[in-house]
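The values are calculated or read from the model by the stated rules, or taken from the named source; none is laboratory data. Please read these numbers as outputs of a predicted model, since none were measured by experiment. Backbone-built Cβ (ideal geometry, glycine too); neighbour counts: all protein chains shown.
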Amino acid sequence: MDIRKVARRSGYVVLVLLAIGAIGFAALYFKQVPIPDLAAATAVDSKIHDERYTPVIRDVRDELDERRQSLTAPSISLAVAVDGELVWAEARGYADLESQEAATLDTTYLVGSVSKPITAALVAKLWEDGLIDLDADVREYVPAFPEKAHPVTLRQLLSHQAGIRHYKRALTPLHSEMARNEQFDTIESSLAIFKDDELLFEPDTSFNYSTYGYTLVSAAVEGATGRSFHELLEERVFEPLAMSRSTLDDDSSPTRVSDYVVLLSDSAVLPAPETNNSYKWAGGGIVSTPSELARFGAAMLRNELLSEATSEVVFTARKTADGELNPQHYGLGWRMGGIRYAENEDDEPEILPLISHGGSSMGSASVLLLLPEHDIVVAMTANSVADGGSGPVTSVAADIMREFLRFKSATQP
């Protein structure tokens, strides 16, 4: 074998692949859609629920178009709850660029992985009511899931310590399993994507974030109760919290935004590829509004959906077998972290406990932040996504949370 010839041929293949990739990338680039008046107020729908917060709302609102520009988002929508009540909600920009339809407070967004804490709340409620066992072998509820080297439990699945894999890697997100566009008529049928794969590790010995793990959770919910996952979400979570616009992303929401992808531009976006989320309702397939997400977060903080004892289990970061907290300080459906905060610019920042989850999909980003010691909740969505996933939206939402905390601290004893 002539090694030099092989090397030359390999080099030619790489060059051809790069050329094809560059051509495809350029084709996508020139299909981008400009966002009209991105740096200026376009269409705004706003509601102040508590007039006491008007001064801080005015200050935050003045920066929102600049924030939207930094996200290259056709629209952003946000809601803030303080002491268990919504105090403000606002949507601005375009739900759809082609029609230039304005986003409103009732516009729904695919919230991506913010679906996970909602699913975890449902499972915790079923556990609280004695309808499901967090520590039973999941195969008791889902016999179609093949036997593995070790049993897997709902507690491990909800905390990403079960060893179930996540999306397979791809050259670009557009080619990843996240961009799947295939209809699964049942949750059990969607298990075919990953059920035959070996566990990545013995459960509870390590951590691997997995949306597919939540698909298995939803199959277990159906197996344990004999009810559909969607029906139980409506009955146990959405209806008690008046989340009437929250549902599965199955084309049933008449006010859902169009989704977009940011590609090498700060003023234009690319229409997101068509996807089908029937394989991941529980882990990334719920649509909602920031107002309803904020209502959910406030109810979680105030034990209005779950008992205090159950909430403590949900909001406790789990440890792996070596006694160390898992690397994301993940509980059951939530990350336990902190937010840097200083009342004045010259003060040394302190770290306040923060409970949160972000979400990103092929065209949207979202975040839900809970500040337990001060009873403040901020939810935010955008109908575009860039390489940073939900990170940029999280940064904006965290800044807004700090402003409301400063105002609350200054005006309340």
Exercise for the section: State yes or no: is Glu343 in contact with a Ser or Thr (Cβ under 7 Å, 6 or more places away or on another chain), more than 30 Å from Val257 (Cα to Cα), of a type outside the set (Ser, Thr, Tyr) and surrounded by fewer than 21 Cβ atoms within 10 Å (Cβ to Cβ)? Expected result: yes
Exercise for the section: Kindly indicate whether Ala170 is among the hydrophobic types (A, V, I, L, M, F, W, C), at pLDDT below 95, within 24 Å of Ala386 (Cα to Cα) and not in a helix (DSSP H, G or I). Expected result: yes
Exercise for the section: State whether one or more residues within segment 127-134 are in contact with a Lys or Arg (Cβ under 7 Å, 6 or more places away or on another chain) and assigned to a strand (DSSP E or B). Expected result: no
Practice task
Filter segment 33-86 down to the residues that are within 23 Å of the chain's Cα centre (by Cα) and in a loop (DSSP other than H, G, I, E, B), then identify the one that is modelled with the highest pLDDT.
Solution key: Gly84
Exercise for the section: Starting from residues that are out of contact with any Leu (no Cβ under 9 Å at 6 or more places or on another chain) and over 26 Å from Ser159 (Cβ atoms), keep the ones in segment 333-363 and report whichever is modelled with the lowest pLDDT. Expected result: Glu345
Fill in the blank from the handout: Reported set for segment 90-110 where residues are within 19 Å of the chain's Cα centre (by Cα) and surrounded by 22 or more Cβ atoms within 10 Å (Cβ to Cβ) is Ala91, Ala95, Thr107, Thr108, Tyr109, Leu110
Practice task
Select the helices (runs of 4 or more DSSP H) contained entirely in segment 207-296, then report the ones holding at least 3 residues which are out of contact with any Gly (no Cβ under 8 Å at 6 or more places or on another chain) and surrounded by 24 or more Cβ atoms within 10 Å (Cβ to Cβ).
Solution key: 211-225
Practice task
Please go through segment 202-250 and pick out each residue that is without any contact (Cβ under 8 Å) to a residue 40 or more places away in the chain and at positive phi.
Solution key: Gly226
Handout entry: Residue satisfying all of: in segment 370-395; under 18 Å from Ser70 (Cβ atoms) and among the aliphatic types (A, V, I, L, M); surrounded by the most Cβ atoms within 10 Å (Cβ to Cβ) among these
Key = Ala382
Practice task
Show the residue pairs that are 6+ apart or on different chains and have beta-carbon atoms under 8 Å apart, the first residue being within segment 382-399 and touching a residue at least 40 places away in the same chain (Cβ under 8 Å) and of a type in the set (Ser, Thr, Tyr), the second being in a helix (DSSP H, G or I) and exposed (fewer than 15 other Cβ atoms within 10 Å of the Cβ).
Solution key: none
Handout entry: Qualifying residues in segment 159-170 (those that are more than 12 Å from Asn326 (Cβ to Cβ) and not basic (Lys, Arg)) - the one surrounded by the fewest Cβ atoms within 10 Å (Cβ to Cβ)
Key = Ala170
